[in-house]
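Beneath this line is the structure, given in structure tokens, with notes to follow.
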Amino acid sequence: MNIIETENLTKIYKGNIRAVDNLNLQIEEGSIYGLLGPNGAGKSTTIKMLTTVIKPTSGTARVAGLDIIKQSMEVRRIIGLVPQDLTTDEDLKGIENLMMVAKFYDVPTAKARENIDRLLKLVDLQDAAKRLVGQYSGGMRKRLELIAGLVHEPKILFLDEPTLGLDVQTRSLMWDYIKNIQETKNITIILTSHYLEEVDALSDKLSIINRGKLIVSGTPAELKNNVGGDILTMSFRSAEDMNKSLEILSNFQPTKVTEKTARFKVKSSEVVLPEIIEPLKRNGIEPLRYQVDKPSLDTVFMDYVGRALPEEEGEGDSRKMMMNLRRLRR
Ligand SMILES: Nc1ncnc2c1ncn2[C@@H]1O[C@H](COP(=O)(O)OP(=O)(O)OP(=O)(O)O)[C@@H](O)[C@H]1O
Ligand SMILES: [Mg+2]
């Protein structure tokens, strides 16, 4: 069942800035959904509309069956939001910050204490909770922000750039916390990121957005499979071996050939490898080694969006993007 459905969701800011442009998303209940895109793609604007912080210019969305425009108050009660900018108060202790959130949502004190206790354990902040937030490291602060969004036990949690500015190690620690939260609480999590590895590691499904528009949606594996497949590189003992092999494998077109190596782009190396190894073996050729490179989400992103992160300007880019889109539709 879809817990979130957007219908031509659009936000045009003053000055005719089309931040989100006719976005149609379907997000399944109980999943982790990633919104991936470069700076300025419209990720935060989308999150702000879905969490009723701002109103769409046109289109709408249903969140757990509630209309974000007509039933914004009801929506607010069942969602948790961890915005891109830090919201906890540096002059308060961790625990005081969380109690304030509880009060804001009218969570009864005893219940709040119980929830907060459990959440602090979940992100290993029990001891730090008694200290002022101003003394926290960046990673501790982000962990506190994360659970601040959970104090009132929402059904859906929105995380806008949950690991922005953290170092690589702290980020992967944060991923474990996020996964753990999704599993123990069985909630739906929508997260935005411009870190490709992040959505790859966390999300069940993702959408790539760019300049407010949906580029493509799917599971990380689906998106990777759509993009040209695997790169298979074979090295041979001699140039003679290689040339003979290329003749035998005439139904495979190499993308690159050097003196003793040949590179092929194949849909799935698992399927194709036996079809390559067997005929060579029959002809007495044994390549020195095979190397299989799987595409990363990075490759996928570049293939769809057709430009590097972070955002660069230029019309040539959108042309490449349209070409990629056309290819996708075929
Ligand atoms: N309040 C605003 N008024 C006018 N334009 C805005 C406003 N907020 C965002 N924008 C513009 O809308 C576009 C989308 O911004 P948004 O913050 O949604 O992108 P984002 O994908 O979250 O980017 P980032 O990765 O940098 O957080 C950008 O061009 C941005 O400059
Ligand atoms: Mg943002």
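Things to note:
- Strands (runs of 3 or more DSSP E) contained entirely in region 1-93, each with at least 1 residues that are over 18 Å from the mean Cα position of the chain (by Cα): 2-13, 17-23, 58-63, 79-82
- Options ASN24, ASN39, ASN2, ASN8; residue that is more than 16 Å from ligand 2 (Cβ to nearest atom), of a type outside the set (A, V, I, L, M, F, W, C) and within 21 Å of HIS194 (Cα to Cα): ASN24
- Among the candidates ASP67, ASP89, ASP85, residue that is open to solvent by 80 Å² or more (accessible area, probe 1.4 Å) and assigned by TED's automatic domain parsing to the domain that holds SER31: ASP85
- Tally, over region 188-201, of residues that are away from ligand 1 (no atom under 16 Å from the Cβ) and open to solvent by 10 Å² or more (accessible area, probe 1.4 Å): 2
- One residue stands out in region 182-200 among those that are in a helix (DSSP H, G or I) and closer than 19 Å to ALA41 by Cβ: the one that is modelled with the lowest pLDDT, namely LEU196.
- Some residue of region 13-27 being among the aliphatic types (A, V, I, L, M), within 12 Å of ligand 1 (Cβ to nearest atom) and free of Cβ contacts under 8 Å to residues at least 60 places away in the same chain: yes
- THR163 meets each of the listed conditions (1) within 16 Å of ligand 1 (Cβ to nearest atom); (2) without any contact (Cβ under 8 Å) to a residue 12 or more places away in the chain apart from (2).
The values are calculated or read from the model by the stated rules, or taken from the named source; none is laboratory data. From a predicted model like this one, the values you see are computed outputs, not experimental measurements. Note that we place each Cβ from the backbone using ideal geometry, even for glycine, and neighbour counts take in every protein chain shown. Areas reflect the complete protein model, heavy atoms only, side chains present, ligands, DNA and RNA absent. Shrake-Rupley method; radii C 1.70, N 1.55, O 1.52, S 1.80 Å.
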